[in-house]
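Heads up: the structure comes next, in structure tokens.
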Amino acid sequence: MANQSAKRIAQQNAARMATLSKVFVGVNVVYLVVRYVVQYRSVCWSDFVLYLGTAGLETFLYMNLYASSRPRYDPGGVLVSAGTDLGQPGLVSYMFDYIYISWLVHLLSLATRWAWALYLAIPVYLLVVAAPYIRQFWTANAGAEPQPAATAEDAAREKKRREKKERKQQRPKYVRG
């Protein structure tokens, strides 16, 4: 039963990418048909630019997820690597989040142009996640008191410690053989 977890991850990745592919195509086809066929009179250049930019980034992230999730096999057909686990937190989940937000915005923008403002949620979320790190960086040395200069006692103690360490290193080492 070796490699069972890798096989399970490969199967889960394949299932998740199949679902993602279907929804990806479905949402984009619905948007294109409704926006450029049914609502063609209300289309302006900004709709085209916004859709092109967001769909381009969405496609880039989708292709990145697809490439990284593919399992790799050796010439004998044995699974070498299951690919990146698509269920893991971190960058992979952020890629999925952007894709989901894009789908939501594309579908809502069929009803109102204000839906594009939902993309502002991404930098706001970034600030919420990064705020503790930024705060820690700013306040790292703000409350720290300056270190007092080393006293003569400290210098003597340090010198004594170094001399003891040197004597210990110079002692002969005996090895049983």
* Filter pass, G56 being surrounded by fewer than 12 Cβ atoms within 10 Å (Cβ to Cβ) and under 21 Å from the mean Cα position of the chain (by Cα) -> yes
* Could you list, in sequence order, all residues of segment 91-141 that are hydrophobic (A, V, I, L, M, F, W, C), outside any helix (DSSP H, G or I) and more than 25 Å from Y62 (Cβ to Cβ)? => A140
* Asked: If we scan segment 31-43, do we find a residue that is more than 28 Å from V128 (Cβ to Cβ), within 18 Å of the chain's Cα centre (by Cα) and open to solvent by less than 70 Å² (accessible area, probe 1.4 Å)?
  -> no
* Residue count, segment 6-48 (criterion: farther than 30 Å from V80 by Cα and in a helix (DSSP H, G or I)) -> 21
* Asked: In segment 59-90, which residue that is part of a helix (DSSP H, G or I) and not aromatic (F, W, Y) is most open to solvent (accessible area, probe 1.4 Å)?
  -> M63
* Close pairs from segment 37-65: first over 22 Å from N13 (Cβ atoms), partner part of a helix (DSSP H, G or I) and open to solvent by less than 70 Å² (accessible area, probe 1.4 Å), Cβ under 6 Å, at least 6 apart -> L50/W116; T54/S102
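The values are calculated or read from the model by the stated rules, or taken from the named source; none is laboratory data. Every value quoted in this text rests on a predicted model; they were computed, and no experiment measured them. Neighbour counts run over all protein chains shown; Cβ positions are idealised from the backbone, glycine included. The protein model used for the area step is the full one, side chains on, heavy atoms only, and it has no ligands, DNA or RNA in it. Shrake-Rupley method; radii C 1.70, N 1.55, O 1.52, S 1.80 Å.
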